[in-house]
Every structure is written in C-alpha cells, then in structure tokens.
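The values are calculated or read from the model by the stated rules, or taken from the named source; none is laboratory data. Just so you know, these numbers come straight off a predicted model, no measurement behind them. Cβ placement follows ideal geometry from the backbone for every residue including glycine, while neighbour counts extend to all protein chains displayed. These accessible areas exclude ligands, DNA and RNA; they are computed on the full protein's heavy atoms, side chains included. Shrake-Rupley method; radii C 1.70, N 1.55, O 1.52, S 1.80 Å.
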Amino acid sequence: MEKDNNPQKKEGPLHLISRALGFYRNPPYIENQLQEADVRSALYLSAIVGLVEVLMIVRYIQSWVLTGQVETIGEFFHYTYSYWVLLAASVLLCIYSGLYLKRKLKILYKFSSVIIFLYFLLGMYFSITTSQHDFSRGRMIIYFLTVLMWVTVICVWRPFSSILLVCVFGGGFLWLLNNRTFDKAGTQVQLSEGDQINFITFMMILFILEVAVYFQRYSDAKKSYRLELSSVTDDLTGMPNMRKLDSASREYIETGLAEGKSLIYLVFNISNFQTFNDRFNYSGGDTLLVKTGKIITAEFPNEPVARESGDIFSVLTKAEDFYERAEHVRQQIKEAYPTETYLDVKVGAYRATDSIKNPRHAIDRARYALKSLHNKEDEFFIEYDQKMDREYSLKQYVLNNVEKAVREGYVQVYYQPVIWSEDEKLAGCEALARWIDPEMGFLSPGVFISTLEEGRQIHKLDLCIYESVCKQIRHCMDNGLPVLPTSLNFSRLDFELMNAVGEMEKLVEKYRIPRNLLHIEITESAITKDVSLLKNAISQFHEKGYEVWLDDFGSGYSSMNVLKDYNFDLLKIDMEFLRDFNKDSLNSRKIISTVIELANKLHMKTLAEGVETREAIDFLKEAGCGRLQGYFYGKPMPYPELLAKISDGSLKVRSKK
C-alpha cells in the first residue's frame with residue numbers, strides 16, 4: 001500500500017492555502033474512499049430523484065391527461081420529456097452505483113467521476129432552463145436552488161473544484177437571469193438587489209457545506225487509510241506484514257507465471273536470535289530485526305517482502321540469482337555483527353507453481369524446508385523437494401484427518417506387556433496409539449504423534465485411546481477375561497488443551513472402572529514452566545485414587561529437579577540407558593543402579609523400558625528394578641493377541657490369592 005504523500009510538516013502561508021484548496025496528492029486508497037463516498041451519495045440521490053420524477057409524471061397525468069387537456073401522446077411527451085430523461089438517467093445511475101459498490105464494474109471504476117458529473121450537468125441543464133422560464137413568468141427560482149443543492153451532494157470534490165462549480169453554475173445562472181431573461185412582453189427582467197444578495201449568500205453557504213463535507217470525508221478516509229496501513233505493515237520494521245505479502249503475491253505470481261518467469265519463495269530465519277536477544281536485550285534485538293528488514297528489502301527491491309513474525313522474514317522473487325542474493329543477506333548480517341560468531345541466517349525455499357497459488361500454503365512449505373536446517377551448522381540454504389513434499393503431505397493428512405480417524409476407528413490401541421522382574425509374570429501393559437489408515441496404510445507413531453503435538457491436536461487422539469482402554473477393561477470384566485492394569489500416556493498439551501482429570505473421571509464413571517487399573521503416565525518432557533498446572537493435576541489424580549508415573553526419566557536435563565518438585569508413584573527409566581547395554585556399559589550400569597536406589601529412597605517404584613536381552617534382565621533384577629518392559633517380552637499388539645499369549649502360556653499372569 002502506498003504511503004500518504006501529503007506533506008504534513010511543511011509550513012508557510014502558500015502551503016496552507018494550497019492545502020486548504022485541495023492541491024495535494026492523495027494515496028490511491030484515500031482517492032478510492034472519496035470516490036466511493038461520491039458513488040454512494042449518487043446511489044441515494046438518483047433513487048430519490050427517480051422517485052420524484054415518477055411522482056411528477058403521475059401528477060401530470062392526473063392534472064392534464066385524465067382531465068382531457070392533453071389528448072395526444074406527442075403532446076404528453078413534449079411537456080414531460082424532462083421528467084422522462086431525468087428518470088432514465090436516475091435509473092441508470094442508480095444501477096451503475098449499486099454495481100460499483102458491489103465491486104461488479106471494475107472496468108468502469110475510473111469513469112465514476114465522469115458519469116456522476118454528466119448526471120450533474122443534466123440536472124443543472126433542466127434546473128437552469130426551467131427556473132429561467134419560471135423567473136420570466138414572475139415565479140421563484142426555487143427549482144434551480146433545490147436541484148443545485150441536491151446534485152452538488154454527489155460532486156463533493158476538492159475545495160477548488162467546489163469553488164469552480166459554484167462560481168460557474170451559480171454565477172452563470174445569476175448572469176443569465178440579469179442579462180438574458182425576458183417576460184412575455186419582451187421586457188428584460190432582473191433579480192432585485194435583495195434577491196441577488198440572498199442568492200449569493202446561498203451560494204456561499206452551499207460552498208461552505210461542500211467544503212465541510214469534503215474534509216469530513218477526507219478525515220474519515222485518512223483514518224481508514226491509517227488503520228488499513230497499520231493492518232498491512234509491521235510495527236517494528238515498517239516492512240509489509242504477511243497480510244500484505246499475501247495480497248501482493250497473488251497478483252505478482254499470476255503475472256510472473258503468465259510471463260513464463262520462475263518465481264521462488266524464500267523464508268529467512270535469524271539463527272540463535274534468542275541468544276543475541278539475551279546478550280543485547282530487546283532493544284538490541286529490535287535493532288537487528290530492523291537492520292535485517294532493510295537488508296532484505298534492499299536486496300529484493302520492488303518485490304513482495306514481509307516480516308512474518310519474530311525473526312522470520314519472507315520474500316517472493318523472480319530473480320534468477322536468488323541464491324546469491326540470499327547469501328549476500330546472510331553475509332551483510334554477519335558483517336554487521338562480526339563479534340557475534342554464533343549469529344547466522346538460514347533460508348528455506350519453495351518454487352511457486354500453478355498447483356499452489358495460495359502464498360500462505362507456499363510459504364508454509366518454504367518454512368517446512370527451513371526447519372530441516374535445524375542443528376545443521378554447515379548449511380544455510382535448502383529448497384523444498386519431493387521427499388519433503390511427501391513428508392509435508394503426510395503431516396497435513398494427519399492434521400486434516402485425525403477427527404475422521406478417531407470417528408471411523410482408524411486409531412487403535414496396541415498393548416505392550418509390562419513384566420514383574422521378580423517372577424517375570426505379567427504385571428500389566430502400556431496402551432500405545434496406532435493409526436491404520438485405509439488410504440495411507442500403517443502410519444508411524446513417530447510421525448503422527450509429533451505432528452499432532454505440533455498442530456495442538458494430540459488431545460483428540462489421546463482421548464480416543466483413553467476411552468478405548470476403558471471400554472476394553474469393561475469388556476474383560478463383563479466376560480471373565482484377564483483384566484490388566486494399563487498405563488495411559490499424557491503429554492504436556494493434554495493438560496493445556498483439556499481438563500485431563502475431568503475427562504478421565506468421566507470415562508471411569510461411564511465404564512465403571514476401578515481407578516487402580518489405570519495408571520497416569522506423564523513424560524518428563526511434559527514438565528513445563530507452568531509448575532502449578534501440572535502439580536495441581538497430579539494432586540487431583542492422587543486424590544481420586546490413580547497412580548501417577550514419570551515416563552522417560554533421564555531423557556531431559558532437569559531430572560533431579562523433577563523428582564524434587566513433583567510427587568510420582570513410579571519411575572520409568574528411559575530406554576536410552578539400555579541402548580548400548582551389551583557394549584562397554586559400566587557407566588550405564590552404575591547410573592541405572594543409582595537411579596533405582598534413589599527411587600527406593602523416595603518410596604517410588606521402578607520400571608525399565610527398552611529391555612531386549614537376557615543380560616539386561618538379569619542386571620535389572622539384581623539392581624532391584626521392580627518391572628520390565630521391552631521387545632524381549634513382546635512388542636505392542638492388539639488386545640486379542642495379548643490374550644492369546646496369556647492363553648498359550650507365552651505370558652503368565654500371577655494367580656489371585
């Protein structure tokens with residue numbers, strides 16, 4: 001959007017006079033707003049005038065035709081032609097104005113002032129001829145004054161234009177009355193001095209009203225323009241924002257592709273910006289963002305650019321040397337801060353195609369490519385490719401179809417056995433989500449779980465798992481089948497996006513499940529800065545009678561703080577400790593033994609996951625780990641398969657005492 005070019009800071013009498021008369025250049029947005037106001041006025045006025053002309057025709061018919069004083073069609077149209085002409089013009093103007101305001105006549109937009117002015121001239125012609133005739137017969141000129149007042153409503157132009165209109169038509173009509181008007185006897189007639197003063201006063205008042213209306217409309221248009229400008233401009237850098245980039249890119253890409261140009265979206269990210277912010281405070285970070293915006297704008301002149309958010313900037317370019325320009329942007333930023341060696345710029349790219357013309361969809365793909373550069377210090381530029389497209393399409397499929405998958409039963413529960421280390425009998429199981437899609441096949445949990453977490457939809461899948469488990473337990477209880485305590489996974493987002501405790505209580509009451517059969521498993525990564533939220537939830541779970549387990553212990557960097565700050569019933573040791581167990585694993589063994597000993601002192605039970613060898617089992621037994629889980633005892637499986645393993649003796653259940 002073009003900025004307001006009106007010089008606001010100049011001073012001096014000539015400048016003030018020129019501005020008062022309207023000699024300045026408006027941005028197209030303001031001109032369009034003023035023009036639209038005139039068209040809207042034209043719509044209302046033409047409708048009123050059309051109605052008046054219909055009433056005048058009806059009145060003439062009643063007074064002259066029905067009484068027999070006018071007998072022929074020719075006579076009728078001779079005396080009423082002015083009504084018909086004004087009626088036709090009003091109908092046409094009304095239709096034009098309506099279509100204009102509905103954005104149906106883009107091709108005629110620039111002719112609106114001409115069309116309105118022609119209507120103005122038509123009205124003035126009939127008002128002048130009629131009022132001159134009335135004046136020559138000794139009647140008042142009220143018709144001229146009324147029509148002039150009406151039609152000037154649709155010509156609210158700049159003050160100098162209003163002066164011209166009032167002087168030309170008002171002064172011209174006054175001259176015509178005093179110099180070219182004669183009565184029936186041929187004697188020249190003139191306005192009296194008092195009437196001339198009244199006439200001139202009326203013209204002055206009309207001019208003042210015209211100017212006042214113009215400046216009110218101009219003020220409203222400027223306010224609207226500033227709001228519109230702020231809505232498409234980034235407050236910090238002064239660059240366009242994504243809303244502006246979206247609109248500018250659509251036309252840019254359409255013309256570019258039509259010209260056979262190759263266009264590419266670039267998304268710039270300042271790496272380690274948070275570190276820079278911490279060193280130089282927000283003011284220093286803001287300076288870097290402003291500088292980056294200026295560098296990118298200068299490197300890609302006259303092309304759609306925008307600050308997306310934070311330290312992300314986007315560009316749509318036709319430049320064939322886009323890689324070199326992107327590299328130059330990176331180089332300039334690094335040169336501007338030579339001592340900040342950690343500072344860098346990463347760029348993700350996506351080539352614009354006919355198939356994806358929506359700029360936001362294209363930028364999403366460029367941003368997806370950019371994410372793949374995370375932790376790749378030796379690379380700064382990457383272009384979205386076919387492999388990424390498959391991954392991106394799969395993730396979009398997951399996000400768009402999770403509700404359908406839950407509803408249609410594509411999401412299923414698989415159960416992995418949990419074993420007592422003491423006698424290696426079945427202690428329970430862990431419920432894990434599997435997505436078996438009729439269109440996409442077996443989806444990897446590593447894909448759909450992380451995708452749903454990124455899209456903040458993981459709670460939809462988790463709720464499905466919780467209910468399926470409760471339903472399965474109820475089924476086993478009702479049919480005399482083995483009932484196994486089951487642990488349910490809760491992510492950080494489950495506590496943010498829903499009332500986790502409340503939802504579990506609803507399911508327990510619905511299926512009448514003993515709470516000791518459900519274990520709440522919270523990953524260490526779910527521990528957030530919002531300590532009170534999770535602490536409160538854990539406390540409520542305990543009060544209701546659930547066990548709360550800490551999953552993946554040791555995967556984070558604050559494990560000791562977690563044990564200090566939260567109250568868990570069981571510690572689930574992360575499988576990373578067992579990954580290289582069969583190699584030189586003395587340190588792993590010491591760490592695991594220490595963790596188990598620590599858990600015992602904190603009155604917490606222990607479970608080791610990722611158990612795959614007999615050697616690991618023997619060590620964990622000796623170390624005092626209470627429960628074991630891993631592929632050695634079985635991978636995740638549907639519940640019927642788990643029951644089959646119990647039946648054939650592959651998995652044994654402790655007998656009830």
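What the table below lists for this structure:
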| read-out | value |
| --- | --- |
| Amide H contacts under 5 Å for Val156, placed H, 5+ residues apart | none |
| Solvent-accessible ranking of Ser131, Ser192, largest area first, probe 1.4 Å | Ser192, Ser131 |
| Check: the range 1-126 dipole with +1 on Lys, Arg Cβ and -1 on Asp, Glu Cβ, in debye | 660 debye |
| Spatial separation of Cα centroids for the range 44-108 and the range 619-637, in angstrom | 94 Å |
| For the range 464-476, Karplus couplings with θ = phi - 60° (6.51, -1.76, 1.60), whole Hz, Gly/Pro x | 4, 5, 4, 5, 4, 5, 4, 5, 5, 4, 4, 4, 5 |
| Linear extension gain, Arg137 paired with Lys291, 0.36 nm per residue minus alpha-carbon span | 47.7 nm |
| Carbon/sulfur fraction of accessible area - the chain, other protein chains in place, 1.4 Å, % | 55 percent |
| Nonlocal amide H pairs with Arg627, under 5 Å, H built at 1.01 Å | Ser421, Thr606, Leu607, Ala608 |
| Most to least accessible of Leu488, Leu101 (protein chains only, probe 1.4 Å) | Leu101, Leu488 |
| Virtual spin-label span in nm between Glu71 and Leu533, 7 Å along Cα→Cβ | 9.4 nm |
| Phi to ³J(HN,Hα) by Karplus 6.51 cos²θ - 1.76 cosθ + 1.60 over the range 36-52, Hz, x for Gly, Pro | 5, 5, 5, 5, 5, 4, 5, 4, 5, 5, 5, 5, 5, 4, x, 5, 4 |
| Förster radius 30 Å - calculated FRET efficiency between Arg407 and Met477, Cβ distance, rounded to 0.05 | 0.70 |
| 24 Å Cα-Cα threshold exceeded, pairs from Lys222/Lys244; Lys564/Lys590; Lys318/Lys395 | Lys318/Lys395 |
| Residue-span extension gain [Glu340 to Phe111] - 0.36 nm each, minus C-alpha spacing | 76.7 nm |
| Pairwise FRET efficiency - Ser444 versus Leu598, Cβ, R0 = 30 Å, nearest 0.05 | 0.30 |
| Spin-label pair His361/Ser63, simplified geometry with 7 Å Cα→Cβ offset, distance in nm | 6.6 nm |
| Contour excess over end-to-end distance, with Cα ends at Asn198 and Glu543 and 0.36 nm allotted per residue | 115.2 nm |
| Estimated distance in nm for a label pair at Ser647 and Asp220, the labels positioned 7 Å out from Cα along Cα-to-Cβ | 7.9 nm |
| Rounded accessible area of His519 (nearest 10 Å², 1.4 Å probe) | 10 Å² |
| Cα gyration tensor, the range 341-434 - rounded (a/c under 1.5), prolate or oblate | oblate |
| Helical mean residue ellipticity (222 nm; -39500 (n - 2.57) per DSSP H run of 4+; nearest 500) of the chain | -18500 deg cm²/dmol |
| For the range 393-467 versus the range 245-291, the gap between their alpha-carbon centres in whole angstrom | 37 Å |
| Karplus (6.51, -1.76, 1.60) ³J(HN,Hα), θ = phi - 60°, over the range 131-146, in Hz, Gly and Pro reported as x | 5, 5, 5, 4, 5, 5, 9, x, 9, 6, 9, 4, 4, 4, 4, 5 |
